[in-house]
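The values are calculated or read from the model by the stated rules, or taken from the named source; none is laboratory data. This one's a predicted model, so the numbers in the text were calculated from it and none came from an experiment. Backbone-built Cβ (ideal geometry, glycine too); neighbour counts: all protein chains shown.
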Amino acid sequence: MSHGYATMSVASILAETAHRMPDNVALIFGEQQIRYGELWEQTRRYAGALRARGLGEGDPVALLLPNVPDFPRAYYAVLALGGIVVPVHALLKAEEIDYVLRDSGAKLLICAAPLLGEGAKGAALAGLETVSVLVPDELTSSLPFARLEDEAAAAQPIDAYVPRDPFDTATILYTSGTTGKPKGAEGCHFSLVEQVNTLAADALDVTADDRILGCLPLFHTFGQTCVMNLGFRVGATIVLVPKFDGATALALLNANACTVMTGVPTMYIALLEAAKSNPERPPLRYGMSGGAAIPVAVIERMKEVYGIDVHEGYGLTETSPVASFNHRGVPTRVGTVGTPIWGVDVEIADAEIDDRIQLMPRGELGEIVVRGHNLMKGYLNLPAANAEAVVDGWFRTGDLGTKSADDYITIVDRKKDMIVRNGYNVYPREVEEVLSTHPSVAMCAVFGVADDAHGQEIMAVVTLMPEATAEGEDLVAFVREHVAAYKFPRRVEILEALPLGPSGKVLKRELVARFEAAPVDGA
């Protein structure tokens, strides 16, 4: 279908900055510093190598790569050819990779050496060829995969990126399937470019002088859009972190004089823990958080320890991802996810009505719905899922929240996480906010388990701060003092770690399954 004569490409994000600011440092990786001019030249070579393999417009290419310079090289190379990027979650197993490759129709897998164990197996199951990056010279004989770096060195680089129809698919990102198989959300060039331009124009505070810690996985929408694409759009420097832990992140923030931190709440919690054993502080001036709700206590401690306001936003893979944000130039309203970004409507609809959207008055609780330039094209080959997700032009997020008279959105909880105890609605997020203020608690999750007497019973699991001690009963008593009698958790278990998804969200369904069988004491 033709949409007139306009063209667009996500590849322009790197190409234009390389043209305007070739000497700005784009990436820092270990001791390497790669400038924009060099990165675009390397990308054109990678594209030349892929073109020599017969890949071109409309061809999906899967990337199984950690946060290394090969990620942007491969990402923009595929897009520059007019192809479609299919980023694969780096923790998937072979069978899961096989599913993503088959479902997306990928023509090739580009896989980093450390991930070949599962990646090459998954590609073999899908009947697909694998090319490698980062395989050391001494292992080339034992690992029978062509190295993309070698092919790029011998290839004729492409001259320029291929212009695309703005509504052509640029990426297929697989959402973590809470029910059934993951779904491939198709992002078009228009939505992805408009997202970055909108964020750069007035929502986020990132400039060409900034150094951003790139610790969010680039295979995920948050890191891809809000770190890589946004950082490259404005000409900033991204310090790549292949594997995140708090101590390493703080050391890199210091060593590279980073000014911007972008992360999920678990990363901020880890940085606060790292600060206890490392007194040096980086010149941070700005923080962004998303992916999951960040406890107010963590925002307050980041201000004390690192001197920055952490700006929280909200979005989903299906919304490219940002839908609302605590905008720059406006005081952050802690506990909210800010106001809708330019050109995007975020409203509250009646959560009980499925077949149409009925918007609710300000201040009332309902399901958050989104429409605007940031919506996906749809889920790949899933018309029934699309019809359920997008109703009357609005994307139903599955999140419950409110909107204030002055447009601030507050997330209350996931629709499916709400607990109904004795007929009363309990929102885990509200209880988690209380638990997270306890000085011994690092992370927490509140969820409902089936209960014969009450329908559902409220339970919590926590991880503790280093050297902290607390008993489950103490934490139950602590919450009981701060919330209504029907809301406090009857049981609190202390764990070493919580199960986390790719965006730092706690996987509550795993916790429910684990504890459903165990009885809950107390009335």
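A compact table of results
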{"read-out": "Condition met for V260 (within 21 Å of the chain's Cα centre (by Cα), within 10 Å of L213 (Cβ to Cβ) and crowded, with 23+ Cβ neighbours inside 10 Å)", "value": "yes"}
{"read-out": "Where a residue in the range 34-54 is closer than 21 Å to N229 by Cβ and its partner, wherever it lies, is among the aromatic types (F, W, Y), with Cβ under 6 Å and at least six apart", "value": "T43/Y76"}
{"read-out": "Residue list for the range 317-331, filter: touching a residue at least 40 places away in the same chain (Cβ under 8 Å) and buried (at least 24 other Cβ atoms within 10 Å of the Cβ)", "value": "E318, T319, S320, P321, V322, A323, S324, F325"}
{"read-out": "Residue count for the range 463-478, restricted to those that are under 30 Å from the mean Cα position of the chain (by Cα) and surrounded by 17 or more Cβ atoms within 10 Å (Cβ to Cβ)", "value": "3"}
{"read-out": "Positions within the range 204-219 being surrounded by fewer than 23 Cβ atoms within 10 Å (Cβ to Cβ) and assigned to a loop (DSSP other than H, G, I, E, B), in sequence order", "value": "D205, T207, A208, D209, D210"}
{"read-out": "Any chance L511 is within 30 Å of the chain's Cα centre (by Cα) and at pLDDT 90 or above", "value": "yes"}
{"read-out": "Every pair of residues 6+ apart whose Cβ atoms lie under 7 Å, when the first sits in the range 1-20 and is in contact (Cβ under 8 Å) with a residue 24 or more places away in the chain while the second is among the hydroxyl-bearing types (S, T, Y)", "value": "S9/Y161; A11/Y76; A11/Y161; S12/Y161; L14/T43; L14/Y76; A15/Y161; T17/Y36"}
{"read-out": "Residue match in the range 75-92 (condition: part of a strand (DSSP E or B), modelled with pLDDT of 95 or more, in contact with a helix residue (DSSP H, G or I) (Cβ under 6 Å, 6 or more places away or on another chain) and closer than 27 Å to H19 by Cα)", "value": "yes"}
{"read-out": "Condition check for I158: within 24 Å of M8 (Cα to Cα), aliphatic (A, V, I, L, M), assigned to a loop (DSSP other than H, G, I, E, B) and touching a residue at least 12 places away in the same chain (Cβ under 8 Å)", "value": "yes"}
{"read-out": "Any hit, the range 67-77, residues being surrounded by fewer than 24 Cβ atoms within 10 Å (Cβ to Cβ), more than 26 Å from L213 (Cα to Cα) and touching a residue at least 24 places away in the same chain (Cβ under 8 Å)", "value": "no"}
{"read-out": "Enumerated strands (runs of 3 or more DSSP E) restricted to the range 242-341, each holding at least 2 residues that are touching a Lys or Arg at 6+ places or on another chain (Cβ under 9 Å) and more than 19 Å from N67 (Cα to Cα)", "value": "310-315"}
